[in-house]
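*Asks:* Below are the structure tokens for one structure; questions will follow.
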Amino acid sequence: MSTAQHKIGSGFGHDTTADEVLSGLDLTGKLALVTGGYSGLGLETTRALAKAGAHVVVPARRPEAAEEALAGISGVEVGELDLADLASVRSFADGFLASGRTIDLQINNAGIMACPETRVGPGWEAQFATNHLGHFAVTNLLWPALADGGARVVSVSSSGHRGSDIRWDDPQFEQGYDKWAAYGQAKTANILFAVQLDALGKDSGVRGFSLHPGGILTPLQRHLPREEMVAFGWIDAEGNPLNPAFKSPEQGAATQVWAATSPQLDGLGGVFCEDCEITEISTDGAPGVRPYAVDPASAERLWTLSADLTGVNAFR
């Protein structure tokens with residue numbers, strides 16, 4: 001398999017912050033769209049991009065909560081978007097396109113992790129639906145604005161993708177639910193989406209990237225009982241962080257900001273990043289991206305499945 005999945009010597013690393021990535025970059029006049037950009041890593045991403053001069057659109061399932069969280073950050077606007085509801089996705093995209101604006105960078109940041117079995121829409125498994133299908137649909141519906149802006153589209157995945165390839169025979173977990181396998185599948189889907197979007201979009205100047213932000217304690221863990229996080233060694237019984245490899249939110253937001261803005265990635269796309277660097281493919285259990293998550297044939301197959309499920313495809 002031919003791939004650009006090799007380190008480029010970015011000079012950044014695990015402890016790099018979003019502000020450090022953006023040092024010296026002027027994003028004035030750029031429009032950024034950050035799903036879930038009002039909580040956890042999304043909030044820090046929005047803050048850093050706005051500080052660098054970008055106008056940031058934050059689609060939010062809870063617009064009032066988003067307005068409250070983003071109060072005091074200039075250059076930000078909030079829209080309403082529920083990624084698990086295709087009608088909401090269409091409404092948001094239609095409203096944005098009607099504004100006549102272009103998108104310079106889009107960060108598909110919103111997500112859920114290891115939730116109890118939940119069905120949304122026509123019976124879709126909630127993690128696959130929210131983390132992947134909703135972002136697939138909104139990105140395709142926003143295609144005219146992305147193409148006009150020659151945008152970078154960044155999918156926030158996770159090392160959790162190592163937990164599952166796409167379950168082609170049962171993607172909705174109708175034959176038995178496992179919350180971590182479902183999360184792994186959704187995160188693999190985020191990577192494959194970036195691979196195929198890049199393949200389809202690069203002739204229009206649109207490039208796709210995906211990434212693992214690192215381990216960070218954020219509201220993403222809302223569905224995990226404390227005793228489970230204690231058993232993982234993430235926190236102690238009082239809820240204090242234990243894992244020295246965990247990042248701060250400022251560090252955790254760095255890789256997605258780097259993927260969305262860095263001149264070091266000009267001319268590249270379809271790659272998986274970690275610690276503000278393109279990571280290597282791993283086949284032996286070592287850190288890195290699993291081969292199945294960057295396989296072009298699987299990426300094309302998932303795109304077709306996603307288009308069939310959502311009824312949305314900008315390239316049909």
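*Asks:* Does region 265-316 hold any residues that are in a helix (DSSP H, G or I), acidic (D, E) and over 19 Å from the mean Cα position of the chain (by Cα), and which are they?
*Replies:* Answer for region 265-316, where residues must be in a helix (DSSP H, G or I), acidic (D, E) and over 19 Å from the mean Cα position of the chain (by Cα): just D308.
*Asks:* Surrounded by fewer than 21 Cβ atoms within 10 Å (Cβ to Cβ) and in contact with a Pro (Cβ under 6 Å, 6 or more places away or on another chain) - does that describe any residue in region 79-90?
*Replies:* Yes, the conditions are met somewhere in region 79-90.
*Asks:* For the structure I just gave you, tell me whether L33 is aliphatic (A, V, I, L, M), in contact (Cβ under 8 Å) with a residue 40 or more places away in the chain and in a strand (DSSP E or B).
*Replies:* Yes: the conditions hold for L33.
*Asks:* For region 25-73, give me each residue that is of a type in the set (D, E) and surrounded by fewer than 19 Cβ atoms within 10 Å (Cβ to Cβ).
*Replies:* D26, E64, E67, E68
*Asks:* Name the residue that is surrounded by the fewest Cβ atoms within 10 Å (Cβ to Cβ), counting only residues in region 124-178 that are among the charged types (D, E, K, R) and outside any loop (DSSP other than H, G, I, E, B).
*Replies:* Selected residue: D148.
*Asks:* Go through (1) touching a Leu at 6+ places or on another chain (Cβ under 7 Å); (2) of a type outside the set (A, V, I, L, M); (3) at negative phi one by one and return the number of the condition G160 breaks.
*Replies:* Among (1) touching a Leu at 6+ places or on another chain (Cβ under 7 Å); (2) of a type outside the set (A, V, I, L, M); (3) at negative phi, the lone unmet condition for G160 is (1).
*Asks:* Please determine whether any residue of region 245-255 is at pLDDT 95 or above, among the aliphatic types (A, V, I, L, M) and assigned to a loop (DSSP other than H, G, I, E, B).
*Replies:* So far as region 245-255 goes, yes, one or more of its residues are at pLDDT 95 or above, among the aliphatic types (A, V, I, L, M) and assigned to a loop (DSSP other than H, G, I, E, B).
*Asks:* Additional query: Mind checking which residues of region 264-316 are within 18 Å of G215 (Cα to Cα) and at pLDDT below 95?
*Replies:* G285, A286, P287, G288, listed by residue number.
*Asks:* The conditions are (1) more than 15 Å from E77 (Cβ to Cβ); (2) free of Cβ contacts under 8 Å to residues at least 40 places away in the same chain, and R47 fails exactly one of them. Which is it?
*Replies:* Single failed check for R47: (1).
*Asks:* Additional query: Would you check if G24 is touching a strand residue (DSSP E or B) at 6+ places or on another chain (Cβ under 6 Å) and of a type outside the set (D, E)?
*Replies:* Criteria not met by G24.
*Asks:* To continue, here is another question. Give me the residue from region 80-123 that is in a loop (DSSP other than H, G, I, E, B), β-branched (V, I, T) and modelled with pLDDT of 95 or more and, out of that set, nearest to V57 (Cα to Cα).
*Replies:* In this case the residue turns out to be I103.
The values are calculated or read from the model by the stated rules, or taken from the named source; none is laboratory data. The shown structure was predicted, so the numbers you read here are calculated from the model rather than taken from an experiment. Glycine also receives a Cβ, built like all others from the backbone with ideal geometry; neighbour counts cover every protein chain displayed.
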